[in-house]
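Enquirer: Submitted below is the structure of interest, expressed as structure tokens.
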Ligand code: ATR
């Protein structure tokens, strides 16, 4: 029988996940179906349970249900635990619900493997301290980042997120939090090697500019948003930064990791990425 999977969110109509997973299934020869399920805002858990009762084996979870998905799991992976959010659900042989989070590893693979930007020992500036940012701090550190600076409009949230990763010893913490507004000043700036935008500022068409001093000639700039040039990547281009990348690769890589969790087969991602890119507006 064909195994059923789905992506659950609200809204969901424009999700690219069904297309990505169908391509992975075709490429790896796996017999599965993958559908988009719209959950009512007040009934994510019911939507998931009905899907499982109808034979669903697993699901991806997207906005705004990742924290709720975290809560309904019987078992969570360490990275999901750390992220406080789940984007990949599976039902195991005993009927237990297992939760994982593949967003961070998807970002790291896109940066380190696809873009080829080194992370080991590098200073990373992460903009934002919401759900998207929280899921990537651990994977960035696991990939060898030397230091992660978290900058957020609400500075307290950046400091609190950094504290989750701080070590208790006397050594300087590799993760620290600061106010986004501080980035407008050069005075106390520290040049960063990789800058990642995990805020939703682009959604509101808002620009996040950084003062000189926070970057250098070879700084690489990543925006988790994708599509037509985002305001943040437009800023980076105007600042003369050559290495710029949007989040389309992260989307495909997090899907590939979810596919691997479900099927124990790792799909290729390059052709899917190119096909999606060709269809972007
Ligand atoms: P997500 O799951 O996408 O991270 P979120 O948890 O609501 O969504 O977090 C949104 C992030 O974008 C936060 O870091 C938010 O900053 P605050 O914590 O200060 O709200 C940031 N953000 C949203 N709009 C922004 C804007 N116009 N300028 C700067 N930061 C913004």
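Enquirer: From the list 71, 134, 96, pick out the single residue that is over 28 Å from residue 166 (Cβ atoms) and either surrounded by fewer than 18 Cβ atoms within 10 Å (Cβ to Cβ) or within 13 Å of the ligand (Cβ to nearest atom) (or both).
Expert: Testing whether each residue is over 28 Å from residue 166 (Cβ atoms) and either surrounded by fewer than 18 Cβ atoms within 10 Å (Cβ to Cβ) or within 13 Å of the ligand (Cβ to nearest atom) (or both) leaves just 96.
Enquirer: Next question, about the same structure. Give the range 68-112 a look and list any residue that's out of contact with any helix residue (DSSP H, G or I) (no Cβ under 7 Å at 6 or more places or on another chain), touching a residue at least 24 places away in the same chain (Cβ under 8 Å) and more than 19 Å from residue 262 (Cα to Cα), or say none.
Expert: Of everything in the range 68-112, those that are out of contact with any helix residue (DSSP H, G or I) (no Cβ under 7 Å at 6 or more places or on another chain), touching a residue at least 24 places away in the same chain (Cβ under 8 Å) and more than 19 Å from residue 262 (Cα to Cα) turn out to be 111, 112.
Enquirer: For the structure I just gave you, tell me whether residue 163 is at pLDDT below 95 and within 13 Å of the ligand (Cβ to nearest atom).
Expert: No.
Enquirer: To continue, here is another question. With the condition kept exactly as written, say whether any residue in the range 23-42 is touching a residue at least 60 places away in the same chain (Cβ under 8 Å) and either out of contact with any helix residue (DSSP H, G or I) (no Cβ under 9 Å at 6 or more places or on another chain) or within 16 Å of the ligand (Cβ to nearest atom) (or both).
Expert: For the range 23-42, residues touching a residue at least 60 places away in the same chain (Cβ under 8 Å) and either out of contact with any helix residue (DSSP H, G or I) (no Cβ under 9 Å at 6 or more places or on another chain) or within 16 Å of the ligand (Cβ to nearest atom) (or both): absent.
Residue by residue, here is whether (1) part of a helix (DSSP H, G or I); (2) touching a strand residue (DSSP E or B) at 6+ places or on another chain (Cβ under 8 Å) holds:
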residue	(1), (2)
5	no, yes
11	no, yes
47	yes, yes
80	yes, yes
86	no, yes
93	no, no
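Enquirer: Testing residue 98 on (1) over 14 Å from residue 135 (Cβ atoms); (2) part of a helix (DSSP H, G or I), one condition comes back false. Which one is that?
Expert: Here residue 98 clears every test but (2).
Enquirer: Within the range 224-234, does at least one residue satisfy the condition of being over 21 Å from residue 108 (Cβ atoms) and within 14 Å of the ligand (Cβ to nearest atom)?
Expert: Yes, the range 224-234 contains at least one residue that is over 21 Å from residue 108 (Cβ atoms) and within 14 Å of the ligand (Cβ to nearest atom).
Enquirer: Evaluate the range 141-148: report whether one residue or more is closer than 27 Å to residue 249 by Cβ, buried (at least 24 other Cβ atoms within 10 Å of the Cβ) and within 16 Å of the ligand (Cβ to nearest atom).
Expert: Yes, some residue in the range 141-148 is closer than 27 Å to residue 249 by Cβ, buried (at least 24 other Cβ atoms within 10 Å of the Cβ) and within 16 Å of the ligand (Cβ to nearest atom).
Enquirer: If I ask for residues that are in a strand (DSSP E or B) and over 19 Å from the mean Cα position of the chain (by Cα), which ones from the range 59-78 would you list?
Expert: 75
Enquirer: OK, next. Could you name every one of the strands (runs of 3 or more DSSP E) located completely within the range 167-261 that has at least 3 residues being more than 16 Å from the chain's Cα centre (by Cα)?
Expert: Passing ranges, in order: 175-179, 215-223.
The values are calculated or read from the model by the stated rules, or taken from the named source; none is laboratory data. Everything quoted here is computed from the prediction, not taken from an experiment. Please note: Cβ atoms are built from the backbone with ideal geometry, for glycine as well, and neighbour counts cover all protein chains shown.
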